[in-house]
Amino acid sequence: MYRREEFQLRVGIFYASASLSGAFGGLLATAIIKMEGVGGLAGWKWIYILEGLATIIASLVSASILPADLSSARFLTEEERAFALKRLLASDVTISTGPSVQQIRSSSTSMDKDKADKQDVFDTTTTTSGHNDKKDVEPFELREVIRGLTDIQTWLTGIAYLGLIVSLYSYSLFLYVQLFLG
């Protein structure tokens, strides 16, 4: 969870790394394609097998290691969790789990630091206004899903995005295959 002013930089780094991965992906594909005939498979098949396998392994490792929220982050101490929550609340960001503003203010003003660190307040869903989000959550309604699926703007936006992404990534990811393998 990043503060609002930090999030833009992280998103920029993510998109910049996508173009860098395209550059290194071509080098990797060049090396893998030289596996032509290994196991009776064409070199381009090895590209899909090895890169797909790496993606699956990375996703399984990430799903098992990354925490869902601050309360389930095993690598943080209670003090670090409290610091992270105070930092997010100071930037006026809505958070998905953590103590309410009143709990943080009371722990930092009326209680000494040791008691505040030991206090287990990571089980409620709150926002910076201090109210409980569980009361504000809209119930699931199938008619809203149907309304979204039948909306023409949703379909046109999806088709436009699909056209953009297919053309962009087919050029950047498969240029080597198109040029050298026909």
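If I ask for residues that are modelled with pLDDT under 85, outside any helix (DSSP H, G or I) and loosely packed, with under 12 Cβ neighbours inside 10 Å, which ones from segment 53-73 would you list?
Correct list: 68 only.
Considering segment 156-174 alone, what residues qualify as being over 16 Å from residue 48 (Cβ atoms), hydrophobic (A, V, I, L, M, F, W, C) and either open to solvent by 100 Å² or more (accessible area, probe 1.4 Å) or in contact (Cβ under 8 Å) with a residue 12 or more places away in the chain (or both)?
156, 159, 162, 164
Under the condition of being part of a helix (DSSP H, G or I) and open to solvent by less than 70 Å² (accessible area, probe 1.4 Å), which residue from segment 1-20 is nearest to residue 73 (Cα to Cα)?
We begin by selecting, within segment 1-20, every residue part of a helix (DSSP H, G or I); these are 4-20.
Checking which are open to solvent by less than 70 Å² (accessible area, probe 1.4 Å) leaves us with 6, 11-12, 16-18.
Values: 6: 20, 11: 22, 12: 25, 16: 28, 17: 26, 18: 27 Å.
The qualifying residue nearest to residue 73 (Cα to Cα) is 6.
With the checklist (1) surrounded by fewer than 11 Cβ atoms within 10 Å (Cβ to Cβ); (2) at pLDDT 90 or above; (3) of a type outside the set (D, E, K, R) in hand, flag the one item residue 37 doesn't pass.
Of (1) surrounded by fewer than 11 Cβ atoms within 10 Å (Cβ to Cβ); (2) at pLDDT 90 or above; (3) of a type outside the set (D, E, K, R), only one is false for residue 37: (2).
The values are calculated or read from the model by the stated rules, or taken from the named source; none is laboratory data. All values reported here derive from a predicted model rather than from experimental measurement. With ideal geometry, Cβ positions are generated from the backbone for all residues, glycine too; neighbour counts draw on all protein chains shown. Note: areas computed on protein heavy atoms with side chains; ligands, DNA, RNA excluded. Shrake-Rupley method; radii C 1.70, N 1.55, O 1.52, S 1.80 Å.
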